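Quick note: the coordinates plus some simple rules give every number you see, no bench work behind them. Being a predicted model, the structure only gives us computed values, none of them experimental. Positions of Cβ are generated from backbone atoms using ideal geometry, with glycine treated the same way; all protein chains shown enter the neighbour counts.
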Amino acid sequence: KCKIMESKKKPLLLVFETDDSFAKEVRILYKYGDDLRQDILVLTCMKIIDNLCQEIDPEIKFTCYNVLNSGINEGMIHLVEDATTLGTIQAKKGYKPQILHEWYQDILKEKSNLLFFSKIIYLEMKSN
């Protein structure tokens, strides 16, 4: 399961088994040649934004990955399972500055549509 990834810096995917029968395996990306301090700074900002969003709407949730800077231009990144990455969003919607705003607006539309339809279904069931 461990392998060298195809991206530019060729990070190493490490997969660890746990002794907990209910836990999934732990997937870590070891990177060399990237300054992970920048990742740590951005993730700290994202965690602050997440806390602010939680106060507004508890359903808004950012799952930030953990980063361990283990030396000059090297470190490990804990991979988040079932996450939508910026690369995935850009591949679908293009590479433009407002891409995250547009993507989030799409999510809000889907959420409000689901809420709208669930209210209709509830009212129909209540009237029968």
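Structure summary
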read-out	value
Residues of the stretch 17-55 with amide N under 13 Å of the 7 Å Cα→Cβ point at Lys10	32-33
Whole-number D in µm² s⁻¹ for the stretch 1-83, Kirkwood Cα-pair radius fed into Stokes-Einstein, 25 °C, 0.890 mPa s	170
Mean Cβ neighbour count within 10 Å, used as a protection proxy, ranking 43-51, 69-77 highest first	69-77, 43-51
